[in-house]
Amino acid sequence: MLRTPREYQFGNAADLHIIDQYRLAPNDELTFRVFTNEGEILIDPVAPLAGQQFLQQTVTYIIEHDGKVKLPVLGYIQLASKTIREAETMLEQEFARYYHNPFVQVRVINNRVIVFTGGRGGTSNVIYLENPNTTLIEALARAGGISDGKASRIKLIRKGEGSEPKVYLINLADITGVNTGNIVVQANDIIYVEPRPRVALLVLENITPYISILTAALLVYSLFR
């Protein structure tokens, strides 16, 4: 699974210390809250009596397939491909038409990474990034650690600027890999720990049916001698 060619050129793991800001995408689930910098009570122009209570509720909004999200007061707003900071700035400008000096907080609540820990039987976990600064080591720990996999061959697969993902090979087999293990994972990263090959077990699994047939044949032969 997720094999790379023998001569594959992996990305430079040192580049992972440069934290790219996550950009909003379709199917992201958002929560947002609106305040004013001076703390004035917010009055919703659509529902004046319920504005303050309504806008401070924790409600989930989903970015649709076209990159737009439907928000109260504003209607449909294009947010896909924007960073969290860019989205907050844009919404503050939009809400400024209705509120004095608004302050907006946006949070993505369904950011996640997929971790394959290298165990037999297809062990995998989906880890939700409750902490935006979750590290690679923390994600592996939350997935149950490295289960019978190669700590020296951990692949971090991350969406690149184009259609092709970038693959980074990370070695956590010794203490020198701690710095790389402390990189911050991003939403939709795939972490794949290569499993250890079990040659003896594979050989045994392949020859067991033949041994069973041979044993049965010998048993039949002994009975009819």
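The set of residues from region 70-114 being small (Gly, Ala, Ser), under 30 Å from residue 143 (Cβ atoms) and surrounded by fewer than 18 Cβ atoms within 10 Å (Cβ to Cβ) comprises just one member, 81. Of all the residues in region 162-190, those that are touching a residue at least 12 places away in the same chain (Cβ under 8 Å) and part of a loop (DSSP other than H, G, I, E, B) number 10. Restricting region 191-212 to residues that are in a strand (DSSP E or B) and not aliphatic (A, V, I, L, M), the residue that is modelled with the highest pLDDT is 192.
Within region 140-192, the set of residues being aliphatic (A, V, I, L, M) and farther than 19 Å from residue 118 by Cα comprises 175, 178, 183, 184, 187.
A quick yes/no check of all residues on (1) crowded, with 16+ Cβ neighbours inside 10 Å; (2) β-branched (Val, Ile, Thr):
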site: 145; (1), (2): no, no
site: 148; (1), (2): no, no
site: 151; (1), (2): yes, no
site: 156; (1), (2): yes, no
site: 170; (1), (2): yes, yes
site: 175; (1), (2): no, yes
site: 179; (1), (2): no, no
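If you go through region 47-73 and pick out every residue that is modelled with pLDDT of 90 or more and either in a loop (DSSP other than H, G, I, E, B) or farther than 20 Å from residue 25 by Cβ (or both), you end up with 5. In the set (1) without any contact (Cβ under 8 Å) to a residue 12 or more places away in the chain; (2) not in a loop (DSSP other than H, G, I, E, B), the condition left unmet by residue 130 is number (2). Taking the listed residues 80, 14, the one that is at pLDDT below 90, within 21 Å of the chain's Cα centre (by Cα) and hydrophobic (A, V, I, L, M, F, W, C) is 14, with no other qualifying.
The values are calculated or read from the model by the stated rules, or taken from the named source; none is laboratory data. As the structure is a prediction and not an experimental result, all values here were calculated from the model. With ideal geometry, Cβ positions are generated from the backbone for all residues, glycine too; neighbour counts draw on all protein chains shown.
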